[in-house]
Amino acid sequence: MPKYLEFRLPDVGEGLTEADIVAWKVAVGDVVTVNQALVEIETAKSLVELPSPHAGVVSRLLVESGATVEVGTPIVVIDTDPDGEAEPDGASPAVASGSGGSADGDAVADDETSGDVLVGYGTKHAAAARRPRRAAEPAETPTSQAAPSPQPAPAPAAPTPAPPSGPAPVSRPTAGVSVDAGAAAPSSTVLAKPPVRKLAKDLGIDLNRVPGTGPGGIITRGDVEAAAERSEPERQASYPADDRPWLDGGVVSADGRQTRVPVRSVRARTAEAMVASAFTAPHVTVFQTVDVTKTMKLVARLKEDRDFADTRVTPLLIAAKALILAIRRHPTISAAWDDATQEIVYKHYINLGIAASTPRGLVVPNIKDAHRMNLHELAVALGDLTATARAGRTTPAAMSDGTVTITNVGVFGIDTGTPILNPGESAILAFGAISERPWVHHGKIKPRWVTQLALSMDHRLIDGELGSRVLADTARTLADPAQGLIWG
Amino acid sequence: MIQSDIHGETPHVGTQDDDLIQLLTVTGERVHHQTYSSRVAHLDTEALEGLYRDMVLVRRFDTEATALQRHGELGLWPQCLGQEAAQIGSGRALAAQDHVFPSYREHGVGWTRGLDLRKVLHQFRGEDHGGWDPAEHNFSLYTLVIGSHALHATGFAMGVQRDGDVGTGDPDRDRAVVAYFGDGATSQGDVNEALVFAAVNDAPVVFFCQNNHWAISEPTERQSRVPLFRRGSGFGVPAVRVDGNDVLACYAVTQEALERARSGGGPTFIEAVTYRMGAHTTSDDPTRYRSRAEEDYWRTRDPIDRLRLHLVAEGTAPEFFTALDAEADAYGEQIRDYCRSIPKAESSRMFEHVYAAEHTLVESERAWFTEYEAGFATEGAQR
C-alpha cells in the first residue's frame, strides 16, 4: 500500500526555533529522489535548501510559501511507495513521521526519541510527557507557576494592553495553515489561568490584546468577557468579503476591518535600517528639475545598438552613469560616518546601490566597483542585479558595503521624494518619473521630456554645497549626455 | 622554487603554486621535486586508484552527512569538503602503530585508519560523546575545543618517547603521533604551548595544519603576518608548506615528517594549503563573508578532479569510475539507513569513560541519576 512519510522542519542551525518557508521547489505529484531539493527556507542565520529525505511522490505540501513554521512542524508528506496496492478498505492512510515521531501501523517505530527538534539538544517535547515525582517538588500554586517576574508590582503584566477601541484579532479557520500557526502560538508572557485561556480561545479573543486586572496582571474571566463585548459592536463588515485576510499569513481582526501580518525578516530589516538611518544621520535633500530629452534620444539609440542587444537599456542606466561621473568629480561624497571611531571613511570606489522592490520587500543590493564599468558593463550589472533581487536571491554580500544608492521612484509615476539614506551611506538619489511637459527651449515653449531629481545626504559629513554640486553635475549629464565624454 | 625552510630555502608569503611543494598539478600532471618525488615513486596506478577511491568515498560520506543534517537526522555537521587530499594523503602515510589526534573535520583521516565512518554520526546525532574506541585504530576522539588536542598529542608523544618506542630502528615498533588542526587553531595558546614542549623534548609528533583559509569567518591573513608554516622556525620546529589539494605531495611530506619523528628527530610542522569548500558547519552561511569568485577559483583546484585527470591520462578504464560511482551510491544508502537506526542512548552512558578506573563520586552520581530517571519513567507510565 502507499506509504506516507512526513518530513518535519529540521533545526538547520544550532538551536533555531523557526524558519520562513521561502519557496517550494516541488509540487504535489512530483517524483522526488533522495536529497533532491524540496524547499528553500530562511532562518535567522541563512537561506537553506532542504533536501528530500525520501524518494517517492510528493503527496501533500503542508505549509505555504511565506509561512513561518516552528521547528518540528510537518511540512510535506511523501509517498514512498506510490505503486503499492491501495489499502483494502480505503481507510485513511497511515502517515509516519520521517524521523521517529508518531507513526501508525507497522511504519517507522514510534518511541519518545525526539520532540520538536529531531536530534541533538534543543526543545524536547518528549520531556513534557514526563513529570518529576511528587516528592521531588513542593506543591504547586498558580503564583509559583507564574513566577518569572520577581517584583509584585501592581502594574499589569500583560505586555501591550489594547487601546480601548482596538479590536481583538482572531484567526479565521478558513485562512489556511499560516494563519492558524500565527494565532495558535500563545505568548508565554500572558498570565491567565487555563479556564480563562479556554474561554478566550472559544470567543476568539487574543489574550495578548487583553489588559489583565487581576493580581499581578493576571487576566481574569471578566477581562476576557469585557474584551469580547468591546469587539462585538464592531463586528459588521463594511463591504462584502472584507473579513478575509488580504495578505498571506495575515490574521483578520474580530470585526473584519483590519489584517495583522507578522513582520518577517526583510520587512523587519528594512524597518530597523530606516529607523537607524533616519534618527542618526541628519538628512538634507536638494532637488533639481531637468530636461532629459537628449537622454531619451540616447536611450532610444542604444536600444537599437547591436552591442546593447543583450541588455535592457533604460533611462535609469543613464542616470546611474551620470551619478557615477558626478561622484568621480566630487569623490568625497562617497564616504561614511564611523560613529564608533569618530572618523569619516572616504571610499575610493563606488558600490552603486539600487533600491529594488521585490515580492519579499525592499532590498538594496549594490553594483560593486561601478566606477570601473563602461556603459555596457553597467547595463549588464544592472540587469543581473534586478533579476537576482526579483528572484529573491540577493545575498547579504550583495547588500553590504554600498556607497551611494539610486531609488527609481519614477517607475511608480511620481515626480520625486525625499529618500532616506541606506545605513552606512552618505547620499541617495531619487530618480523621478519622466514625462512630457511644456518647457522653455531655445526661447520657445516646447514639449520636452522632463524629470525631477532629489538627492538626500548625510549632513554630518556632506554639506549642502557638495551635495548640490553632485546633483547639478548629475543633472548636467542627463540634460546633455555628451558631457559624459568630457568628464568620462 | 621557494617552498620550505627545511632544506635551506627562503620562505615566502603567498599561496601561489610556486610557493608550495607540489607533485601533481591542477591539470593532473606529475611534476618532479628533488626531495619528495622519490617518496611517491613506488605508488603505481593501482595505488593511485586506491587514493582516488578513498577521496571519492570520503566525499560521499561527507555529502550524505550534510544532507542528513538537513533532513533533521543530525544536530550539526562539519564538512571536510575540499580537504580530502590533505587528509587522505597524510593519513595513508601513517603506520598502524602511529597515533592520531584529530580535530572535528578529519573524516578522511579516520577513513585511512580503518574507522567505520558511520560511527562518527553518533556524536553529531547527539547520542554519544565520542563514537569509537580510540585504541582500536589509534585514532582519538574528535576534539571540538579548538587546538586543545595539540597538547594531548604532544604529551602522548612524550609518553611514546618514555616507552622507548622511538629511534629503535624497528619499523614495527617506532611510533609517531599526529595532531590535526586548522589555521584558526594556530592562533590558540594551546597549539603554541604544544610546539614549545614538542620542540624542547624532541617529541615524536607531527603538527599537521590544514590551512583551509577560513577560521569560520576569519580569513588566514587576519591571523598571521607570515605563512603559517613559518611559525615552526620560531619554536625550532622544522616546517614545510605543501599543496594540500595534492594527495601525493601531502603523502610525501607527511611520510618524511613521520620518519623524522619515529627515528628520534623530533617534531615537524606541516602547513597543507587547502580550501574549505563548504561551510564551517551546517550552522554557518559562508556567503556572508566570502566571495563567489574565491569559491569558483578553488572549485577549479578540486583535489579529486586533478587525480581523476591524471588517472584518465594514464589510461585508467572508464569502468573503474563507473564502478566507483555505484559503490559510492550504495555507500550513501548505507550511511542514511545506519544514521536513522542509531539507537537512543541510555542517559547513564554519560558516566562511562570519565575515569579509567572506578571512581566513587562518579559512581554515586550515576546511582542518584539512575534512580531519578526511574522516577520519571514510572510517573509517565501511569499517565
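The values are calculated or read from the model by the stated rules, or taken from the named source; none is laboratory data. As the structure is a prediction and not an experimental result, all values here were calculated from the model. In this analysis, Cβ positions are derived from the backbone assuming ideal geometry, glycine residues included, and neighbour counts consider all displayed protein chains. Accessible surface is based on the protein model in full, side chains and every heavy atom, while ligands, DNA and RNA are left aside. Shrake-Rupley method; radii C 1.70, N 1.55, O 1.52, S 1.80 Å.
Residue by residue through segment B:114-142, note down the ones that are among the acidic types (Asp, Glu) and within 14 Å of another protein chain (Cβ to nearest Cβ).
Across segment B:114-142, the qualifying residues are B:Glu127, B:Asp128.
Of the numbered conditions (1) of a type outside the set (D, E, K, R); (2) within 22 Å of the chain's Cα centre (by Cα); (3) facing chain B (nearest Cβ under 9 Å), A:Val69 satisfies every one except a single condition; which is it?
(3)
Quick one: would you say B:Thr254 is surrounded by 17 or more Cβ atoms within 10 Å (Cβ to Cβ), hydroxyl-bearing (Ser, Thr, Tyr) and not in a loop (DSSP other than H, G, I, E, B)?
Taking the combined requirement at face value, the residue satisfies it.
With B:Ala293, B:Ala261, B:Ala279 as the choices, which residue is in the same structural domain as B:Glu49 (by TED's automatic domain parsing), aliphatic (A, V, I, L, M) and out of contact with any helix residue (DSSP H, G or I) (no Cβ under 9 Å at 6 or more places or on another chain)?
Sole residue among the options that is in the same structural domain as B:Glu49 (by TED's automatic domain parsing), aliphatic (A, V, I, L, M) and out of contact with any helix residue (DSSP H, G or I) (no Cβ under 9 Å at 6 or more places or on another chain): B:Ala293.
Pairs only if they're at least six apart or on different chains, beta carbon under 9 angstrom, first in segment A:51-62 and more than 11 Å from A:Val77 (Cα to Cα) and without any contact (Cβ under 8 Å) to a residue 24 or more places away in the chain, second open to solvent by 20 Å² or more (accessible area, probe 1.4 Å) and of a type in the set (Ser, Thr, Tyr); list them, first residue then second.
Taking only residues 6 or more apart or on different chains, the pairs are A:Pro51/B:Thr66.
From the list A:Ser357, A:Ser334, which residue is of a type in the set (Gly, Ala, Ser) and under 22 Å from the mean Cα position of the chain (by Cα)?
A:Ser357
Return yes when A:Leu352 is on the phi < 0 side of the Ramachandran plot and touching a residue at least 60 places away in the same chain (Cβ under 8 Å) and no when it is not.
When the stated conditions are applied, A:Leu352 does not pass them.
Would you confirm whether or not segment A:11-24 contains a residue that is within 11 Å of chain B (Cβ to nearest Cβ) and charged (D, E, K, R)?
yes
Give me the residue from segment B:31-73 that is of a type in the set (Val, Ile, Thr) and assigned to a helix (DSSP H, G or I) and, out of that set, surrounded by the fewest Cβ atoms within 10 Å (Cβ to Cβ).
The extreme case among them is B:Thr45.
Mind listing whichever residues of segment A:197-248 are closer than 30 Å to A:Ser65 by Cβ and at pLDDT 70 or above?
Listed by number, the residues that qualify are A:Lys201, A:Gly204, A:Ile205, A:Asp206, A:Leu207, A:Asn208, A:Arg209.
Only one of (1) more than 14 Å from chain A (Cβ to nearest Cβ); (2) within 30 Å of A:Lys368 (Cβ to Cβ); (3) surrounded by 19 or more Cβ atoms within 10 Å (Cβ to Cβ); (4) not basic (Lys, Arg) fails for B:Ala261. Which number is that?
With (1) more than 14 Å from chain A (Cβ to nearest Cβ); (2) within 30 Å of A:Lys368 (Cβ to Cβ); (3) surrounded by 19 or more Cβ atoms within 10 Å (Cβ to Cβ); (4) not basic (Lys, Arg) applied to B:Ala261, the lone miss is (2).
Say whether the condition of being free of Cβ contacts under 8 Å to residues at least 24 places away in the same chain and open to solvent by less than 40 Å² (accessible area, probe 1.4 Å) is met by at least one residue in segment A:286-296.
no
Looking at B:Gly155, B:Gly169, B:Gly147 in this structure, which one is more than 13 Å from B:Gln97 (Cα to Cα) and open to solvent by less than 20 Å² (accessible area, probe 1.4 Å)?
Answer to the check: B:Gly147.
From (1) over 11 Å from A:Asp20 (Cα atoms); (2) within 12 Å of chain B (Cβ to nearest Cβ); (3) open to solvent by 60 Å² or more (accessible area, probe 1.4 Å), pick out the condition that doesn't hold for A:Pro53.
(3)
Determine whether segment B:332-354 contains at least one residue that is within 30 Å of B:Ala249 (Cα to Cα), loosely packed, with under 12 Cβ neighbours inside 10 Å and in contact with a helix residue (DSSP H, G or I) (Cβ under 9 Å, 6 or more places away or on another chain).
no
For the list (1) open to solvent by less than 50 Å² (accessible area, probe 1.4 Å); (2) within 12 Å of chain B (Cβ to nearest Cβ), I need the number of the one condition that A:Val77 fails.
Tallying (1) open to solvent by less than 50 Å² (accessible area, probe 1.4 Å); (2) within 12 Å of chain B (Cβ to nearest Cβ), A:Val77 fails exactly one: (2).
Among the residues of segment A:312-351, which ones are surrounded by fewer than 23 Cβ atoms within 10 Å (Cβ to Cβ) and hydroxyl-bearing (Ser, Thr, Tyr)?
Across segment A:312-351, the qualifying residues are A:Thr314, A:Thr332, A:Thr341, A:Tyr346, A:Tyr349.
Inspect all residues belonging to segment A:362-369 and state whether any of them is surrounded by fewer than 20 Cβ atoms within 10 Å (Cβ to Cβ) and under 25 Å from A:Ala433 (Cα atoms).
Yes, segment A:362-369 contains at least one residue that is surrounded by fewer than 20 Cβ atoms within 10 Å (Cβ to Cβ) and under 25 Å from A:Ala433 (Cα atoms).
To keep it simple, each residue is scored yes or no on (1) open to solvent by less than 50 Å² (accessible area, probe 1.4 Å); (2) in contact with a helix residue (DSSP H, G or I) (Cβ under 7 Å, 6 or more places away or on another chain); (3) more than 24 Å from B:Arg340 (Cα to Cα).
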| site | (1), (2), (3) |
| --- | --- |
| A:Pro2 | yes, no, no |
| A:Leu5 | yes, no, no |
| A:Leu9 | yes, no, no |
| A:Gly13 | yes, no, no |
| A:Leu16 | yes, no, no |
| A:Ile21 | yes, no, yes |
| A:Val31 | no, no, no |
| A:Leu38 | yes, no, no |
| A:Glu42 | yes, yes, yes |
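Does A:Thr418 fit the bill of being open to solvent by 30 Å² or more (accessible area, probe 1.4 Å), within 30 Å of A:Pro282 (Cβ to Cβ), assigned by TED's automatic domain parsing to the domain that holds A:Val275 and in contact with a Ser or Thr (Cβ under 8 Å, 6 or more places away or on another chain)?
So A:Thr418 fits the description; yes.
Condition first: touching a residue at least 24 places away in the same chain (Cβ under 8 Å) and under 22 Å from B:Glu259 (Cα atoms). Now tell me which residues in segment B:38-47 satisfy that.
Those that are touching a residue at least 24 places away in the same chain (Cβ under 8 Å) and under 22 Å from B:Glu259 (Cα atoms): B:Arg39, B:Val40, B:Leu43.
Let me confirm something: among A:Val12, A:Val31, A:Val108, A:Val57, which residue is at pLDDT below 90, among the aliphatic types (A, V, I, L, M) and over 29 Å from the mean Cα position of the chain (by Cα)?
A:Val108
Among the strands (runs of 3 or more DSSP E) confined wholly to segment A:401-468, which include 3 or more residues that are within 14 Å of A:Leu352 (Cα to Cα)?
In segment A:401-468, the matching strands (runs of 3 or more DSSP E) lie at A:404-407, A:427-431.
Among (1) small (Gly, Ala, Ser); (2) more than 30 Å from A:Ser65 (Cα to Cα); (3) not in a loop (DSSP other than H, G, I, E, B), there is one condition A:Ser357 misses while meeting the rest; what is its number?
In the conditions (1) small (Gly, Ala, Ser); (2) more than 30 Å from A:Ser65 (Cα to Cα); (3) not in a loop (DSSP other than H, G, I, E, B), A:Ser357 misses (2) alone.
Need a quick list: helices (runs of 4 or more DSSP H) entirely within segment B:285-383 having at least 1 residues that are within 14 Å of chain A (Cβ to nearest Cβ), within 30 Å of B:Tyr52 (Cα to Cα) and in contact (Cβ under 8 Å) with a residue 12 or more places away in the chain.
It comes to B:292-299, B:318-340.
Could you pull out the residue among B:Glu136, B:Glu127 that is farther than 20 Å from B:Ala257 by Cβ, outside any loop (DSSP other than H, G, I, E, B) and not polar (S, T, N, Q)?
B:Glu136
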